[in-house]
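Below is one structure, written out as C-alpha cells; the observations come after it.
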C-alpha cells in the first residue's frame, strides 16, 4: 500500500536536502580553496628563488665567455649571447610576476643585462666581463630579494 506524503512535507524535505547540499558544497569549496591558494609568502619565496636562479645563470656566463675566448667551447654568440637572450626572457617573466617593482628598478635590470651583452659583444677581457656579470647578478638578487647562498 502506498502512503500519501503531503506536498508541504515533500517541499520541506527537498528544501532541507538542497540546503544541506549547499552547505556541504560551500564547506568543501572553502577547504579546497584554502589549500590550493598561493599565499603571499609562497609567492614571495618563489620570486626570491627565481631571482637567485637568474643571478646564478648570469654568473655562469663567465664560464661560457672564458671558453668562447679561448676557443674551447661555443662561440660568444652561441655560448653567451643566446643564453643571455633566455635569461632576459625569464627576467621579463619574473618582472611581470613582480608588480611591486617600479619603472626605475625594471630599467636598472634591463640596463644591467644590456651591459653584460655589450661586454660580451665588445669581447672585453674575462676579468672585466666577470665584474660586469657579478654586478648584474648582485643587482638581480638584490632587486628580487634573493639571498646569496
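For the reader, a short list of remarks on this structure follows.
- Residue among 39, 62, 35 that is surrounded by 10 or more Cβ atoms within 10 Å (Cβ to Cβ) and either modelled with pLDDT under 85 or within 24 Å of residue 146 (Cα to Cα) (or both): 62
- Test result for residue 28, without any contact (Cβ under 8 Å) to a residue 40 or more places away in the chain and under 26 Å from the mean Cα position of the chain (by Cα): no
- Listed conditions (1) assigned by TED's automatic domain parsing to the domain that holds residue 130; (2) surrounded by 10 or more Cβ atoms within 10 Å (Cβ to Cβ) are all met by residue 72, apart from (2).
- Screening segment 1-27 for residues that are modelled with pLDDT under 90 and assigned to a helix (DSSP H, G or I) and picking the one that is nearest to residue 143 (Cα to Cα) gives 10.
- Segment 77-97, residues that are modelled with pLDDT under 90 and crowded, with 19+ Cβ neighbours inside 10 Å: 79
- For segment 111-129, the criterion of being under 17 Å from residue 55 (Cα atoms), under 17 Å from the mean Cα position of the chain (by Cα) and at pLDDT 95 or above is met by no residue.
The values are calculated or read from the model by the stated rules, or taken from the named source; none is laboratory data. Please read all numbers here as calculations on a predicted model, not as lab measurements. Note: ideal-geometry Cβ built from the backbone for every residue, glycine included; neighbour counts use all protein chains shown.
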